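The structure appears right after this line, and notes come after that.
Every read-out reported here was derived from the displayed coordinates using simple, explicitly stated rules and does not represent laboratory data. Only a predicted model underlies this, so the values are computations on that prediction, with no experimental measurement involved. Positions of Cβ are generated from backbone atoms using ideal geometry, with glycine treated the same way; all protein chains shown enter the neighbour counts.
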Amino acid sequence: MKIPPVKGTRDFYPPQMARRNWIVDGWKKVSVRNGFEEYDGPIFEYLKMFQIKSGDEIVEQLFSLQDRGGRDLAIRPEITPTLARMVNQQINSLPRPIKWFSVPRLCRAERPQKGRLREFFQWNIDIIGIDSPEADAEVIFTTVDYLRSVGLTPKDVQVKISSRRLLAAVLRGAGVPDEKLDSLYALLDKKPKLPPETFEALLAEQVPDAKQARAIADFMALDSVESVGEVVNNDEVQNAVVNLKVVLAALSLMEVEDYCVFDPAIVRGLAYYTGVVFEVHDIGGELRAIGGGGRYDNLLRDFGGPAIAATGMGMGDCVLEILLQEKGLLDSQVPKRQVEYFVACADHVFTKDMYRITAALRSRGHAANFSYKLGGLSKQLKAAAGQNAAACIIIGQEYAEKKQLVVKDMATGAQELVDAEAFLAGLDVS
Ligand code: HAM
């Protein structure tokens with residue numbers, strides 16, 4: 001009986017694994033150069049961790065389970081609640097600001113579709129303990145720093161930036177009561193995914209006042225921060241505008257403004273955001289979000305800790321990989337399987353020497369391989385080329401007679417005869 005893989009999961013055969021490793025290595029490298037330190041947590045947590053403040057959408061997508069002691073658990077759909085829990089646990093001893101990154105494996109019982117699976121990897125960067133807008137800018141800069149490092153340009157991707165604080169100010173200014181804000185955020189976040197009539201009908205249900213609904217629609221259609229005051233204007237709106245402008249100015253200073261644009265339609269699906277929010281999208285708008293994040297100043301407090309400001313970002317591997325593939329930026333950059341030396345023999349009588357020399361090379365810290373099925377020498381050279389060997393060591397007649405090896409440079413084809421023992425002695429562990 002053949003058992004298929006579970007819906008929404010992926011098997012990583014070596015070529016897929018090489019792509020995943022390259023993506024993850026890039027995330028880690030960029031995190032480190034931007035001053036973030038790596039952390040991780042458990043793959044499952046108490047179910048209630050994700051029910052506290054992540055929002056209905058995530059709760060509906062949880063893979064939950066009960067352990068033998070009857071505890072209700074869930075596989076992590078995101079790592080931000082774990083981060084809040086971990087930071088709260090050591091709040092008095094951790095030097096601040098906390099700048100941490102992680103690449104957790106996450107599970108969400110979403111409907112599998114292009115770029116959305118039930119198991120994926122997600123790069124997270126978070127800054128905890130800084131309430132100034134420059135920290136939001138640093139998170140966005142780090143995100144762009146990665147995108148740029150893999151060759152994505154402002155012609156390929158865009159960071160769309162808005163602010164929950166600004167949206168809240170506009171909604172309140174338009175007369176929407178506070179208790180309606182959370183459910184309204186969830187609806188506004190779904191706007192791009194809904195047919196316009198459906199969105200308008202749902203909006204009318206939540207905001208029956210036509211003037212208020214008009215103000216919301218007008219705000220979401222704005223294309224510059226400067227014009228927010230034309231829709232709704234008061235001190236709260238102006239303060240939120242100033243805060244957002246500081247973020248945008250810092251991004252200009254860091255010379256990534258080409259990647260960034262103000263987009264008031266960005267609301268974010270998660271419930272815990274309180275300030276600047278952003279999403280990375282492909283310019284064509286064909287794919288789901290590549291990444292997203294924002295400020296969440298209340299989450300640590302909601303998890304029983306002190307009120308400490310926080311801002312961060314999550315980027316999954318699925319959409320990113322699709323986009324990189326479409327742009328021809330993936331396979332050209334993923335390192336190929338490579339060995340330094342491929343040890344071949346011209347006759348099976350040298351088989352034992354082949355094992356000994358391969359082992360000697362490996363013991364000295366070099367990547368070396370050989371064929372179990374010898375075939376002819378040309379077959380072995382083909383295998384060497386298939387593994388992108390830099391050099392091939394051929395054990396032949398000269399070895400039998402004078403203990404000499406042929407070293408063939410696979411790039412140039414040049415061959416050299418060397419004394420076997422002297423050659424091995426010269427290859428000390430690097
Ligand atoms: P999120 O918007 O839920 O945010 O997810 C961020 C990114 O994770 C998405 O833009 C997407 O790239 C990827 N992602 C989400 N769900 C899936 C899925 N089912 N399949 C593949 N990729 C997916 C968060 O998770 C926040 N915790 C991010 C954050 C960190 N905010 C502050 N700090």
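Counting Lys and Arg as +1 and Asp and Glu as -1, each charge on the Cβ, what is the dipole of the stretch 22-122 about the Cα centre in debye, to the nearest 20?
Values: 17 positive and 13 negative charges, 40 e Å.
Dipole of the stretch 22-122, to the nearest 20 debye: 200 debye.
Taking 0.36 nm per residue of separation and subtracting the Cα-Cα distance, what length does fully extending K190 through L417 add?
Working: separation 227, 0.36 × 227 = 81.72 nm, distance 6.88 nm.
Length gained between K190 and L417: 74.8 nm.
For the stretch 205-317, what is one quarter of the convex hull surface built on the Cα atoms, given in nm²?
On the way: hull surface 38.7 nm².
Directional mean of the projected Cα hull area for the stretch 205-317 stands at 9.7 nm².
What Kirkwood hydrodynamic radius do you get for the stretch 72-131 when you take the inverse of the mean 1/r over all pairs of distinct Cα atoms, in Å? All intermediate terms of the calculation are to be shown ahead of the outcome.
Values: mean 1/r = 0.0757 Å⁻¹.
Hydrodynamic radius (Kirkwood, Cα only) of the stretch 72-131 equals 13.2 Å.
In terms of the Cα gyration tensor, with a ≥ b ≥ c the square roots of its eigenvalues, is the stretch 1-114 rounded because a/c is under 1.5, prolate because a/b exceeds b/c, or oblate? Write out the running numbers ahead of the final one.
Numbers: a/c = 2.17, a/b = 1.12, b/c = 1.94.
Oblate.
Rg and Dmax in Å for the chain, alpha carbons only: what are they?
Rg then Dmax for the chain, in Å: 28.0, 97.
Hey, can you rank 374-380, 187-193 by average C-beta count inside 10 Å, highest first? Don't skip to the end; give the middle numbers.
Numbers: 374-380: 14.0, 187-193: 16.6.
Highest to lowest by the protection proxy: 187-193, 374-380.
How are the alpha carbon pair distances in the stretch 254-322 distributed across 10 Å bins from zero to the largest one, expressed in percent?
18, 44, 28, 9, 0
Rounded, prolate or oblate for the stretch 46-201? Axes are the square roots of the Cα gyration tensor eigenvalues, ordered a ≥ b ≥ c, and the cut-off for rounded is a/c under 1.5.
Working: a/c = 1.27, a/b = 1.08, b/c = 1.17.
Rounded, since a/c falls under 1.5.
Can you bin the stretch 356-402 into rounded, prolate or oblate? Criterion: square roots of the alpha carbon gyration tensor eigenvalues sorted a ≥ b ≥ c, rounded for a/c under 1.5, prolate for a/b above b/c, oblate for the rest. Let's see the in-between values first.
Working: a/c = 1.83, a/b = 1.01, b/c = 1.81.
Here the stretch 356-402 falls in the oblate category.
For the stretch 294-383, what's the radius of gyration and Dmax over Cα atoms, in angstrom?
Rg then Dmax for the stretch 294-383, in Å: 25.8, 74.
Can you pull the semi-axes for the stretch 188-249, root of five times each eigenvalue of the Cα gyration tensor, sorted largest first, whole Å? Display every interim value, and only then the final one.
On the way: eigenvalues 127, 40, 16 Å².
Here the semi-axes work out to 25, 14, 9 Å.
Name the residues whose placed amide hydrogens come within less than 5 Å of the amide hydrogen of S163, ignoring near sequence neighbours (fewer than 5 apart) on the same chain.
Counting only residues 5 or more places away or on other chains, the set is V277.
Here are some pairs, K352/K402; K99/K180; K28/K53; which of them have Cα atoms lying more than 22 Å apart in this structure? Can you show the working numbers first?
Details: K352/K402 17 Å; K99/K180 34 Å; K28/K53 28 Å.
From K352/K402; K99/K180; K28/K53, over 22 Å: K99/K180; K28/K53.
Cα atoms only, the stretch 137-274: Rg and Dmax in Å?
Using the Cα atoms of the stretch 137-274, the pair Rg, Dmax is 15.8, 48 Å.
Could you pull out every residue, at least 5 positions away or on a different chain, whose amide H is within less than 5 Å of the one on C260? Hs are placed 1.01 Å off N in the peptide plane, and Pro or chain starts have none.
The list, which skips near neighbours in sequence, is V159.
Return the equivalent ellipsoid semi-axes of the stretch 271-430 as a descending list in whole Å, where each equals the square root of 5 times an eigenvalue of the C-alpha gyration tensor. Provide the component values of the computation, followed by the final result.
Working: eigenvalues 608, 82, 28 Å².
For the stretch 271-430, the semi-axes come out at 55, 20, 12 Å.
What order, most packed first, do the peptides 65-74, 202-211 have when packing is the mean number of other Cβ atoms within 10 Å of each residue?
Working: 65-74: 10.9, 202-211: 13.2.
Descending mean neighbour count gives 202-211, 65-74.
Can you tell me which of 97-108, 353-364 comes out highest on packing, and rank the rest after it, using the mean Cβ neighbours within 10 Å? Before the final figure, lay out the partial values.
Numbers: 97-108: 20.3, 353-364: 16.6.
With the highest mean Cβ count within 10 Å placed first, the list reads 97-108, 353-364.
Provide the gained length on full extension for the span D302 to I52, in nm with one decimal, where the gain is 0.36 nm per separating residue minus the Cα-Cα distance. Spell out each step's value before the answer.
Values: separation 250, 0.36 × 250 = 90.00 nm, distance 0.77 nm.
Extra length from D302 to I52 when fully extended: 89.2 nm.
As a check on your grasp of the helix formula, calculate [θ] at 222 nm for the chain: sum -39500 (n - 2.57) over DSSP H runs of n ≥ 4, divide by the residue count, round to the nearest 500. Intermediate values should be presented prior to the final figure.
Details: 17 runs with 173 residues, N = 430.
Value at 222 nm, helices only, nearest 500: -12000 deg cm²/dmol.
Residue by residue, what Karplus-based ³J(HN,Hα) values in Hz, rounded to whole numbers, does the stretch 19-24 have, using 6.51, -1.76 and 1.60 with θ = phi - 60° and x for Gly and Pro?
So the J values, rounded to whole Hz, are 5, 4, 4, 5, 5, 5.
Could you let me know the centre-to-centre spacing of the stretch 261-326 and the stretch 50-111, using Cα atoms, in angstrom?
The stretch 261-326 and the stretch 50-111 have Cα centres spaced 16 Å from each other.
With only Lys, Arg, Asp and Glu charged, each at its Cβ (+1 for the first two, -1 for the last two), find how big the charge dipole of the chain is about the Cα centre; round to the nearest 20 debye.
Dipole of the chain, to the nearest 20 debye: 1640 debye.
When the distances between all Cα atoms of the stretch 218-264 are binned every 5 Å from zero, what whole-number percent does each bin get?
So the P(r) values, bin by bin, are 5, 20, 29, 24, 14, 7, 1.
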